[in-house]
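Asker: For reference, the structure I am asking about is given below.
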Amino acid sequence: MTATNTTPHVADKKFPAVWVFATLVVLGAAAFLVGLFSHHPEKAWQAYLINFLLWSAIAQGGLLFSTVMHMTNARWSGPLSGLSESFASFFPLSFVLFLILFIGKGHLFPWMHEDLHGKEVWLNIPFLFARDGIGLLVLYLTGFGYLFYALQLKLGSHEPQGKIRQAIFRVWQQKQRPADAVRQKMTVWGGFYILAFALVLSLVGFDLVMSMDPHWISTLFGAYHFIKTFFVGLGGLIILAAIAHTRNGDRSQLTSAHFHDIGKLFFGFCLLWADFFYVQLLVIYYGNIPEETYYVIIRTMLAPWNKLAWFVFIVCFIGPFFILLNKNVKTRPILMAAICAIVIVGIWFEHLLLLGPALSHSATSISLSISDGLISFGFLGLMLLAIRGFFNVFPELYGVARAAS
Amino acid sequence: MPHKPHVMGLFKSEDHVVSALEALQSSPFEFIRVNTPIPSHKIMQALKLKKSKVGWFTLCGGILGFISGFSLAAFTATRWDLIVSGKPILAFIPFVVVGFEATILFAVFGNVIGLLTQMRIPNDGWLQYYEPRCSGEYFGVLATCDAQQEEGLASFFKKMGAEVKIFKQDKPL
């Protein structure tokens with residue numbers, strides 16, 4: 001790190017950002033609670049589920065970037081890997097948020113009171129929460145396993161400050177592993193994380209999104225879900241990198257080449273997301289089986305959802321596709337952050353498109369209220385608090401030196 | 001045509017090549033090219049080349065390909081109305097596949113045409129000023145100057161840390 005002693009401390013208590021984030025969380029929680037006690041608690045739970053899926057996806061996909069870079073021996077990512085590791089700080093919150101879903105099960109799973117024609121073996125609440133809970137736990141623990149060694153490689157020789165940092169440092173010191181051994185451990189944990197990512201997020205896609213229409217099946221839906229997760233994870237990482245670059249300038253060690261390269265990766269996953277959507281659509285189109293086509297017809301051809309489908313397709317694919325063809329756009333952090341933010345909003349609406357028709361049968365209009373926005377901002381506040389907390393403990397990864405280092 | 005001496009500075013370090021290229025720009029000598037054994041972003045940046053037009057050929061090929069593929073599928077579908085399960089004759093979802101395939105094919109054609117027209121080939125004089133060590137461990141910076149400046153160009157390269165090779169051929173590049 002090239003930062004000097006004169007650099008501002010990321011945890012400067014005078015800076016009010018933490019209060020802004022906390023206010024967002026309080027507003028979001030208040031909006032959610034008000035929604036729960038209103039006439040339509042199912043709306044509040046729908047917004048909660050959409051936000052749980054979206055913000056967890058940003059965290060899961062964010063850390064995946066670092067593991068993929070390590071597994072492929074990529075050198076271009078540089079400081080981006082350190083930034084992507086900060087997303088793991090949201091994992092504990094994500095797990096707790098998942099457990100809270102259990103309270104809203106009556107509003108979230110339309111199949112609870114349906115005749116499932118033998119699918120009850122798979123689609124029942126205890127089994128669903130047990131398998132998804134265990135899956136997320138495994139995913140997050142492997143993520144933390146990878147993070148532990150990734151941080152040792154980057155910061156193992158730094159003088160630790162703060163209780164958390166000192167506790168981790170003591171474990172590193174006890175083991176006394178050389179750098180090669182640490183890299184080997186990272187490979188093992190990173191490999192498991194990537195494997196768990198594909199399996200667990202497929203499961204989450206099937207259980208928490210596809211199962212809302214319990215009689216509709218697409219075997220590729222799981223893969224579609226985890227590709228989307230990496231897509232939004234990259235979007236979140238680019239926004240974080242743009243913030244780090246704007247605030248810390250050269251100290252962040254981020255250059256326009258980094259933004260160009262990760263912009264290309266984001267562009268690639270934009271194409272892959274659209275591809276995974278299209279390959280499902282094409283098979284359903286040719287198969288023309290009523291059990292499959294109704295799902296697509298409701299969402300893409302019939303009001304009120306058809307306009308939302310076009311909105312999502314334009315915002316998440318057509319727009320980014322033509323904009324990101326340009327090299328100059330990809331090298332500009334602020335512009336890339338804006339595009340990624342728009343794509344993430346688009347994916348929020350994509351979740352609404354997938355879940356909305358199942359949770360609001362015979363809806364004649366898409367009823368969105370201010371509380372949907374406030375709940376989303378609450379989740380945003382949680383994510384920002386988690387990342388800020390991470391950089392307070394490991395400021396070097398943000399391009400800021402500790403005041404006394 | 002009077003003989004213009006061609007002098008090549010052979011560098012072992014990529015950074016020295018970059019310094020030499022920057023110094024050449026403010027010198028009276030005429031820079032010709034760099035022969036490098038590896039692709040180098042640093043050298044590419046130091047050369048300050050104009051943006052290649054090949055991408056435009058590829059883009060035009062791709063757009064033309066999509067329109068051609070889509071039109072081909074639509075044209076053949078309208079030759080004989082084969083109605084299946086009430087689906088429209090002009091069905092956009094499957095036609096995208098043909099359009100996509102033709103996009104890739106025509107984009108490749110456009111790219112090849114772009115390369116052929118923009119690469120300044122054929123150039124039979126190219127090998128006359130080539131040093132085989134540039135396919136091994138050396139970076140070669142080739143420059144030319146007026147006959148009376150030959151010594152100056154050679155000493156310029158030496159000063160920049162290069163081994164110097166002077167080409168005596170009279171054939172123009």
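The values are calculated or read from the model by the stated rules, or taken from the named source; none is laboratory data. Not measured: the values here are computed from a predicted model. Here the Cβ positions follow ideal geometry from the backbone for every residue, glycine too, while neighbour counts run over all protein chains shown.
Asker: Of all residues in region B:26-67, which are crowded, with 18+ Cβ neighbours inside 10 Å and over 23 Å from the mean Cα position of the chain (by Cα)?
Answerer: B:Phe29, B:Gly65, B:Phe66
Asker: So which pairs qualify, if the first residue must be in region A:353-370 and in contact (Cβ under 8 Å) with a residue 40 or more places away in the chain, the second must be loosely packed, with under 13 Cβ neighbours inside 10 Å and not in a helix (DSSP H, G or I), the Cβ gap must be under 8 Å, and the two must be at least 6 apart or on different chains?
Answerer: Pairs that qualify, where the first residue is in contact (Cβ under 8 Å) with a residue 40 or more places away in the chain and the partner is loosely packed, with under 13 Cβ neighbours inside 10 Å and not in a helix (DSSP H, G or I), are A:Ser360/A:Ser367; A:Thr364/A:Ala303.
Asker: Right, another one. If you scan region B:134-169, which residues turn out to be charged (D, E, K, R) and under 15 Å from B:Val7 (Cβ atoms)? Give the steps one after another, and end with the answer.
Answerer: Quick first cut of region B:134-169, residues charged (D, E, K, R) only: B:137, B:146, B:150-151, B:158-159, B:163, B:165, B:168.
Answer for region B:134-169, where residues must be charged (D, E, K, R) and under 15 Å from B:Val7 (Cβ atoms): B:Asp146, B:Glu150, B:Glu151, B:Lys158, B:Lys159, B:Glu163, B:Lys165, B:Lys168.
Asker: Additional query: So A:Ala242 ticks every box in (1) more than 14 Å from chain B (Cβ to nearest Cβ); (2) surrounded by fewer than 20 Cβ atoms within 10 Å (Cβ to Cβ); (3) part of a helix (DSSP H, G or I) but one. Which box is left unticked?
Answerer: Every listed condition holds for A:Ala242 apart from (2).
Asker: Applying the selection to region A:289-322, what residues are within 22 Å of A:Val232 (Cβ to Cβ) and within 14 Å of another protein chain (Cβ to nearest Cβ)?
Answerer: Once the filter is applied, which keeps residues that are within 22 Å of A:Val232 (Cβ to Cβ) and within 14 Å of another protein chain (Cβ to nearest Cβ), region A:289-322 yields A:Thr300, A:Ala309, A:Trp310, A:Phe313, A:Phe317, A:Ile318, A:Phe321, A:Phe322.
Asker: Yes or no: B:Val141 modelled with pLDDT of 90 or more, surrounded by 12 or more Cβ atoms within 10 Å (Cβ to Cβ) and in a strand (DSSP E or B)? First the steps, then the outcome.
Answerer: Values: modelled with pLDDT of 90 or more: yes; surrounded by 12 or more Cβ atoms within 10 Å (Cβ to Cβ): yes; in a strand (DSSP E or B): yes.
Answer is yes for this residue.
Asker: What pairs come out if I take residues in region A:270-283 that are without any contact (Cβ under 8 Å) to a residue 60 or more places away in the chain and pair them with residues that are charged (D, E, K, R) and surrounded by 15 or more Cβ atoms within 10 Å (Cβ to Cβ) whose C-beta lies under 6 Å away, six or more apart or interchain?
Answerer: A:Trp273/A:Lys228
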